[in-house]
Amino acid sequence: MSFWQSLRQSLMLNCREVSELLSASLDRRLKLRERFALRQHLKLCRDCSNFSKSIRVLEQAFRNWLRGSSSERLSPEARDRIRQELERRSGRNS
Ligand SMILES: [Zn+2]
């Protein structure tokens with residue numbers, strides 16, 4: 001698949017895929033292509049845009065909570081909680 005073909009495909013993420021990418025972003029650094037696709041979708045989709053903001057707020061809150069501890073990563077419990085939110089949401093949209 002050419003770069004441009006895969007780029008075009010990336011631009012056609014649906015809301016569920018966006019939820020999945022947001023979820024993945026808690027575990028790993030997204031690839032450039034994924035971040036780009038996500039950003040394009042968020043520009044066009046107010047629903048996902050609001051959701052990604054609330055995810056970021058949640059993540060930031062957990063990071064603040066973890067500050068002072070040696071771990072900079074989200075605790076498994078914190079990730080589970082965010083993931084539950086994501087699943088609840090993608091279930092509702094399907
Ligand atoms: Zn969307």
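Nothing in this text is a laboratory measurement; each read-out follows from the coordinates by a stated rule. Here the structure is a predicted model, which is why all the values come from computation and not from measurement. Cβ atoms come from the backbone with ideal geometry, glycine included; neighbour counts cover every protein chain shown.
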Here FRET efficiency (C-beta to C-beta, Phe3 to Arg88, R₀ 25 Å, nearest 0.05) is 0.10
Stretched fully, the stretch from Arg35 through Ser54 gains (0.36 nm per residue minus C-alpha distance, one decimal, in nm) 5.1 nm
If the chain between Trp65 and Asp27 were fully extended at 0.36 nm per residue, the gain over the current Cα-Cα distance would be 11.9 nm
